[in-house]
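**Q** One structure, pasted below without further comment.
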Amino acid sequence: AQSVAQPEDQVNVAEGNPLTVKCTYSVSGNPYLFWYVQYPNRGLQFLLKYITGDNLVKGSYGFEAEFNKSQTSFHLKKPSALVSDSALYFCAVRDIPTFMDTGRRALTFGSGTRLQVQP
Amino acid sequence: DGGITQSPKYLFRKEGQNVTLSCEQNLNHDAMYWYRQDPGQGLRLIYYSQIVNDFQKGDIAEGYSVSREKKESFPLTVTSAQKNPTAFYLCASSIDSVIRGNTEAFFGQGTRLTVV
């Protein structure tokens, strides 16, 4: 089974300061990992993903995330927060499928972290 | 413009009624998904489909039904058996094949269903 934990319901940061939104995961094999952002009453927008290779992944709007296999984490980061970054952020995971594996083929999402950036 | 279209944006249902939420995509994606979003619970998977004429139950399929007769369309019916249907419903699609699975999902703008 695959699962995701986002331990913080809300993160508050001042504009211009660095931000981190935490995510840990659990999968039976190796993971594909994703971050999405959601603005009020809207769908989710894709930010970035880790598939393989470099553990530091760069994405949209200046966001990046670091994959740490030993800690099973995939924290979202940004060097300098903007007020417009205030939104709900979701981490998601799926097991890497194999040809013979007919198991679940959908993302599992965390409960979300609300990021509030103060001016 | 390519994308995923969900309709209606807002939907009101009376007790005991079935309602159908529409989801259409013109991205030529094989896989489509339905998620339910409740405050503080994140997104929970209702149903997903990897290919036309095939679909699988997710974590909370009870009280819901789907069909996948066309590649572009994946409608979700909320039946009267769903005891607490008030929620925000999100449809998504991804390129996916059985072997790959490393592609991100693209989401529609959601349908907010309220029982009155």
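Readers should treat all values here as calculations from the given coordinates under stated rules, not as data from a laboratory. Being a predicted model, the structure only gives us computed values, none of them experimental. Quick reminder, even Gly has a Cβ in these numbers, built from the backbone with ideal geometry, and neighbours come from all protein chains shown.
**Q** Using a Debye calculation, one point per C-alpha and no hydration shell, please list log10 I(q)/I(0) for the stretch B:14-93 at q = 0.18, 0.23, 0.24 Å⁻¹ in order.
**A** -0.69, -1.08, -1.15
**Q** Could you give the C-alpha radius of gyration of chain A expressed as a fraction of 2.2 N^0.38 Å, taking N as the number of residues it contains?
**A** 1.06
**Q** Grab the alpha carbons of the protein assembly as shown, take their convex hull, and tell me the volume per residue in Å³.
**A** With only Cα atoms used, the protein assembly as shown gives 126 Å³ per residue.
**Q** Return the lysines within reach of B:K14: Cα separation strictly under 26 angstrom, same-chain partners fewer than 8 residues apart disregarded; answer none if there are no such residues.
**A** Here the lysines satisfying the reach criterion relative to B:K14 are B:K57, B:K83.
**Q** Rounded to the nearest 0.05, what FRET efficiency do B:I51 and A:D9 have when you use their Cβ-Cβ distance and R0 = 35 Å?
**A** Computed FRET efficiency for B:I51 and A:D9 comes out at 0.40.
**Q** First measure r as the distance between the Cβ atoms of B:T86 and B:T5, then evaluate 1/(1 + (r/R0)^6) with R0 = 25 Å and state the FRET efficiency to the nearest 0.05.
**A** That pair, B:T86 with B:T5, gives E of 0.65.
**Q** Identify, among A:A106, A:Q116, A:L19, the residue whose Cα sits farthest towards the positive end of the charge dipole of chain A, taking +1 on the Cβ of Lys and Arg and -1 on the Cβ of Asp and Glu, with the dipole about the Cα centre.
**A** Farthest towards the positive pole: A:A106.
**Q** Bins of 10 Å, beginning at zero and ending with the bin holding the largest distance: percent of Cα pairs per bin for the stretch A:1-62, please.
**A** Percent of Cα pairs in each bin: 16, 45, 34, 5.
**Q** Let me confirm one metric for peptide A:30-43, namely the mean number of other chain beta-carbon atoms within 10 Å of its residues' beta-carbons.
**A** Mean shielding count: 3.
**Q** Another question, if that's okay. With r as the distance between the Cβ atoms of A:S26 and A:S70 and R0 = 22 Å, compute the FRET efficiency 1/(1 + (r/R0)^6) and round to 0.05.
**A** 0.95
**Q** Work out the length of the dipole vector of the stretch A:51-91 about its Cα centre, built from +1 on the beta-carbon of each Lys and Arg and -1 on the beta-carbon of each Asp and Glu, and round it to the nearest 20 debye.
**A** So the magnitude is around 40 debye.
**Q** May I pose another question? Tell me, in nm to one decimal, what length is gained between A:L82 and A:R114 on full extension, where the rule is 0.36 nm per residue of separation less the Cα-Cα distance?
**A** Answer, rounded to one decimal: 10.1 nm.
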